[in-house]
Amino acid sequence: MRLLAANILWGVALIIVLVISTMTSPLLTIPVAILLAIPTAGVFRLAAVIARNQPAALGDALHAMRTHLLPALAVGALVIGSLAVLGFNFVIGLISGDPVLLLIGTMAGWGLLLLFIGTSAFWPLLMDPFRQGEPLKKRIWLALAVVFHAPLRYLGLTLVTGAILIVSTIAFAALLSISLAFVAVLLCRYVLPTADRLEGRATFAEPILD
């Protein structure tokens, strides 16, 4: 229930972003959307705590939103900026009919997939309570190691989580209330123990896809 509460807080932030984007200049949408990274950090912190079999409270999410404000905003800026550029090139490439632009659009589509794969592996490690204080660079490399440890398996996990989010976007109430929380737990239950094994650490949960 605490994780669902964190998801609802994220949903409220999403509604605010959508309202601002419809009532103001579209150029304001991008910087405002970056702020969604803050409640996203809270959701993934709770999911990581649950994956670690530790007592979870909504305060964990609120605390993480404060202590990880700058890293979360950095990830948000990277993701939103990349989505804007790659998404624009992808759409233009598909509708243009020009072979060159179609090639650029195809490459942008692969870029979107790689962006989702990379960030989905990084969020659990960024918010892992057992890795606080570790350099961000180390966690970035560890996220890549998790992906390439079993790339086909992680690709399958990515497709499943992506499908959940796409379907939830259509069923908007699910996205606002439960979907992100479910995806966060799913990712944390795979990424964190896999990263532990790669580092030779003792782990408290086995990857659900093993």
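Return yes when residue 32 is at pLDDT below 90 and open to solvent by 50 Å² or more (accessible area, probe 1.4 Å) and no when it is not. Before the answer, list the steps.
Details: at pLDDT below 90: yes; open to solvent by 50 Å² or more (accessible area, probe 1.4 Å): no.
The answer is no for residue 32.
Take residue 136 and tell me if it is open to solvent by 40 Å² or more (accessible area, probe 1.4 Å), of a type in the set (A, V, I, L, M) and either touching a helix residue (DSSP H, G or I) at 6+ places or on another chain (Cβ under 8 Å) or closer than 23 Å to residue 50 by Cβ (or both).
Details: open to solvent by 40 Å² or more (accessible area, probe 1.4 Å): yes; of a type in the set (A, V, I, L, M): yes; either touching a helix residue (DSSP H, G or I) at 6+ places or on another chain (Cβ under 8 Å) or closer than 23 Å to residue 50 by Cβ (or both): yes.
Criteria met by residue 136.
Working only within the stretch 139-158, note down all residues that are open to solvent by 80 Å² or more (accessible area, probe 1.4 Å) and either in contact (Cβ under 8 Å) with a residue 60 or more places away in the chain or among the hydrophobic types (A, V, I, L, M, F, W, C) (or both). Before the answer, list the steps.
So in the stretch 139-158, the residues open to solvent by 80 Å² or more (accessible area, probe 1.4 Å) come out as 140-141, 148-149, 152-153.
Within the stretch 139-158, 140, 141, 148, 152 meet the criteria.
Out of 97, 105, 59, 93, report the one residue that is open to solvent by 20 Å² or more (accessible area, probe 1.4 Å), farther than 30 Å from residue 5 by Cβ and among the small types (Gly, Ala, Ser).
Exactly one of 97, 105, 59, 93 is open to solvent by 20 Å² or more (accessible area, probe 1.4 Å), farther than 30 Å from residue 5 by Cβ and among the small types (Gly, Ala, Ser), namely 97.
Since residue 161 meets every condition but one in (1) modelled with pLDDT of 80 or more; (2) open to solvent by less than 40 Å² (accessible area, probe 1.4 Å); (3) part of a loop (DSSP other than H, G, I, E, B), which condition does it not meet?
For residue 161, the exception is condition (3).
Could we say that residue 192 is closer than 21 Å to residue 86 by Cα, touching a residue at least 24 places away in the same chain (Cβ under 8 Å) and out of contact with any strand residue (DSSP E or B) (no Cβ under 7 Å at 6 or more places or on another chain) here? Break it down into steps so the answer makes sense when it comes.
Working: closer than 21 Å to residue 86 by Cα: no; touching a residue at least 24 places away in the same chain (Cβ under 8 Å): yes; out of contact with any strand residue (DSSP E or B) (no Cβ under 7 Å at 6 or more places or on another chain): yes.
Against the criterion (closer than 21 Å to residue 86 by Cα, touching a residue at least 24 places away in the same chain (Cβ under 8 Å) and out of contact with any strand residue (DSSP E or B) (no Cβ under 7 Å at 6 or more places or on another chain)), residue 192 does not qualify.
Yes/no matrix, rows are residues, columns are (1) more than 19 Å from residue 180 (Cα to Cα); (2) at pLDDT below 90; (3) touching a Ser or Thr at 6+ places or on another chain (Cβ under 8 Å):
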site: 46; (1), (2), (3): no, no, no
site: 49; (1), (2), (3): no, no, no
site: 55; (1), (2), (3): yes, yes, no
site: 67; (1), (2), (3): yes, yes, no
site: 73; (1), (2), (3): no, no, no
site: 80; (1), (2), (3): no, yes, no
site: 87; (1), (2), (3): yes, yes, no
site: 92; (1), (2), (3): yes, yes, no
site: 99; (1), (2), (3): yes, yes, no
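The values are calculated or read from the model by the stated rules, or taken from the named source; none is laboratory data. Fair warning: this is a prediction, and the values are worked out from it, not measured in the lab. Please note: Cβ atoms are built from the backbone with ideal geometry, for glycine as well, and neighbour counts cover all protein chains shown. In case anyone asks, the SASA skips ligands and DNA or RNA and just uses the protein heavy atoms, side chains included. Shrake-Rupley method; radii C 1.70, N 1.55, O 1.52, S 1.80 Å.
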